[in-house]
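The values are calculated or read from the model by the stated rules, or taken from the named source; none is laboratory data. Everything quoted here is computed from the prediction, not taken from an experiment. Because the Cβ atoms are built from the backbone with ideal geometry, glycine has one as well, and the counts that use them run over all protein chains shown. Note: accessible area is taken over every heavy atom of the protein model, side chains too, but ligands, DNA and RNA are not part of it. Shrake-Rupley method; radii C 1.70, N 1.55, O 1.52, S 1.80 Å.
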Amino acid sequence: MMLLIVLFLSALLVAGVSWIITKSLVIAGTAMVFSFGFGCIGGLIAPYVQSWLRNKIIDGIELTLLSVADGRKKYKINKQRYEDLHFEQNVIVFQSVLALIGVCMLFVTIYKYLVLYFVILGFFIFLLLYLVYYYKMIKNDIYNDLINRL
Amino acid sequence: MVKREEHIRRYSIALVITFVVSVGGYFIYRSLYDRIPAYSNKVSNEEQTKIEDLIRENNNLMDENNNLKEQLAEKEKQFQQELERLSNDEMNKQKEQIAEHMDKLMEAQKHFYARQYVQCAEYLETIDTSLLGDKGKNLYDQLASTAFAKAAQELYYAGNNEFNKGNYQNAIHKLKKSYDYQKTQYFSDDSLYFLAYAYYKNGEYEKAKETALKLLQDYPDTTYKKGANILLSKIDNNNQQ
């Protein structure tokens, strides 16, 4: 719930800034809706992305352990144990970036600023780089946890 | 698992609410905009007069602009026509001038071959060489190099004869021309001396004085130095009397 409130407050901030820039309540309101809507989409995608990466890592580890045991013993890792691993962080990043992309898309539609296309592209590149970083981070944490429990 | 499902549920609800709010907001905005004419009229009434004034002013300015454009186009057309006419006139005039000067050159050549150097020189001195082409200029230079010297000599002798006969008016005319044609010949100072005397005899003392002074100034070694000084003193005496 806290994350949703943060998103709502961010959308309000976006609306305020938009109103200062454009002096139009309609555009400010639309910017808020876009920002909040895209943020929600980001917040919805984030858990699926996290679980996809997490499953990928755990499957990889299980395969490695199987090959170490020469296929004789199959190890099963409890996936639910790592369900909350950096969950909020992922959601915050996804919803923030998606919210900003939403606002940029709105302004691109209205004002046709070429630079905003590059800004949107920059956000997507940032998201991609973040995913790589996030993948490495949760992989490291899962390994550490498994080693500690040995 | 609970946390994750709860999160997705909340975000889904929020997204649906956002969608509903945005679509509803849009329709409410449209209906408010369309259905409350008082509001839109109120806004437009405040702005309407100003907008209408601005539109009227804009139309007036555009009309004025169009009128000015038309006037400008008309003036430009007139200017072009006038320019064309002037250039045609100028060209025709120039053509006429060239033809006239070429005729004079031909006449001068004709007189030159007939050894009538005075007439030849008279034609030559009226020719404007800037209107001639290269060939015309060459012909002019050829004629002028001989004709002016010969004409000056002839005129000097003729003027001297007239002077001796006492026809001072004719003598002045011929001697003056002789001096105008040639200023560096052996007889040029003679021409000036007799011209000064002819003026004196004709009663034109001021011109006589000017000519005598010119003789002393331009030809300091002239054999007529003494005669010129005597003439000047005579003129001074006449002036004093």
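For the stretch A:7-15, indicate whether the set of residues that are within 12 Å of chain B (Cβ to nearest Cβ), in contact with a Ser or Thr (Cβ under 9 Å, 6 or more places away or on another chain) and either of a type in the set (D, E, K, R) or closer than 20 Å to residue A:87 by Cβ (or both) is non-empty.
For the stretch A:7-15, residues within 12 Å of chain B (Cβ to nearest Cβ), in contact with a Ser or Thr (Cβ under 9 Å, 6 or more places away or on another chain) and either of a type in the set (D, E, K, R) or closer than 20 Å to residue A:87 by Cβ (or both): present.
Being within 14 Å of another protein chain (Cβ to nearest Cβ), β-branched (Val, Ile, Thr), open to solvent by less than 20 Å² (accessible area, probe 1.4 Å) and assigned to a helix (DSSP H, G or I) is true for just one of A:91, A:49. Which residue is that?
A:91
Does residue A:59 satisfy the criteria of being more than 26 Å from residue B:17 (Cα to Cα), at the interface with chain B (Cβ under 10 Å from one of its Cβ atoms), of a type in the set (Asp, Glu) and open to solvent by 60 Å² or more (accessible area, probe 1.4 Å)?
No, not satisfied.
Go through the stretch B:1-23 and count every residue that is closer than 28 Å to residue A:85 by Cβ, surrounded by 12 or more Cβ atoms within 10 Å (Cβ to Cβ) and more than 7 Å from chain A (Cβ to nearest Cβ).
1
For the structure I just gave you, tell me whether residue B:26 is open to solvent by 100 Å² or more (accessible area, probe 1.4 Å) and at pLDDT below 85.
No; evaluated as a whole, the condition is false for this residue.
Check whether at least one residue in the stretch B:203-222 is of a type in the set (Gly, Ala, Ser) and over 19 Å from residue B:174 (Cβ atoms), and report yes or no.
No, every residue in the stretch B:203-222 fails to be of a type in the set (Gly, Ala, Ser) and over 19 Å from residue B:174 (Cβ atoms).
Out of (1) in contact with a Lys or Arg (Cβ under 7 Å, 6 or more places away or on another chain); (2) open to solvent by 20 Å² or more (accessible area, probe 1.4 Å), what's the single condition that is false for residue A:112?
(1)
Within the stretch B:160-185, how many residues turn out to be in contact with a Ser or Thr (Cβ under 7 Å, 6 or more places away or on another chain) and among the aliphatic types (A, V, I, L, M)?
Total meeting the criteria: 1.
Considering the stretch B:97-121 alone, what residues qualify as being open to solvent by 70 Å² or more (accessible area, probe 1.4 Å) and acidic (Asp, Glu)?
Scanning the stretch B:97-121 gives B:100, B:103.
Taking interchain pairs and intrachain pairs at least six residues apart, which have beta carbon atoms under 9 angstrom, with the first residue in the stretch B:212-241 and more than 16 Å from residue B:199 (Cβ to Cβ) and the second of a type in the set (D, E, K, R) and open to solvent by less than 60 Å² (accessible area, probe 1.4 Å)?
Within 9 Å, the pairs are B:218/B:189; B:219/B:189; B:221/B:189; B:222/B:189; B:222/B:190; B:223/B:189; B:223/B:190.
Cβ contacts < 8 Å: first residue more than 12 Å from residue A:96 (Cβ to Cβ), restricted to the stretch A:40-51; second residue not in a helix (DSSP H, G or I), any location; separation 6+ or different chain. Result?
Short answer, once both residue conditions are applied: A:50/A:85; A:50/A:86; A:51/A:83.
Determine which member of the set B:184, B:211 is surrounded by fewer than 18 Cβ atoms within 10 Å (Cβ to Cβ) and either at positive phi or within 43 Å of the chain's Cα centre (by Cα) (or both).
B:184
Scan the stretch A:16-40 residue by residue and report those that are within 12 Å of chain B (Cβ to nearest Cβ), buried (at least 20 other Cβ atoms within 10 Å of the Cβ) and either within 15 Å of residue B:6 (Cα to Cα) or not aliphatic (A, V, I, L, M) (or both).
Those that are within 12 Å of chain B (Cβ to nearest Cβ), buried (at least 20 other Cβ atoms within 10 Å of the Cβ) and either within 15 Å of residue B:6 (Cα to Cα) or not aliphatic (A, V, I, L, M) (or both): A:30, A:34, A:35, A:36, A:37, A:38, A:39, A:40.
Residue by residue, here is whether (1) at negative phi; (2) touching a helix residue (DSSP H, G or I) at 6+ places or on another chain (Cβ under 6 Å); (3) hydroxyl-bearing (Ser, Thr, Tyr) holds:
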{"site": "A:39", "(1), (2), (3)": "yes, yes, no"}
{"site": "A:51", "(1), (2), (3)": "yes, no, yes"}
{"site": "A:67", "(1), (2), (3)": "yes, no, yes"}
{"site": "A:89", "(1), (2), (3)": "yes, no, no"}
{"site": "A:103", "(1), (2), (3)": "yes, yes, no"}
{"site": "A:110", "(1), (2), (3)": "yes, no, no"}
{"site": "A:113", "(1), (2), (3)": "yes, no, yes"}
{"site": "A:127", "(1), (2), (3)": "yes, yes, no"}
{"site": "A:132", "(1), (2), (3)": "yes, no, no"}
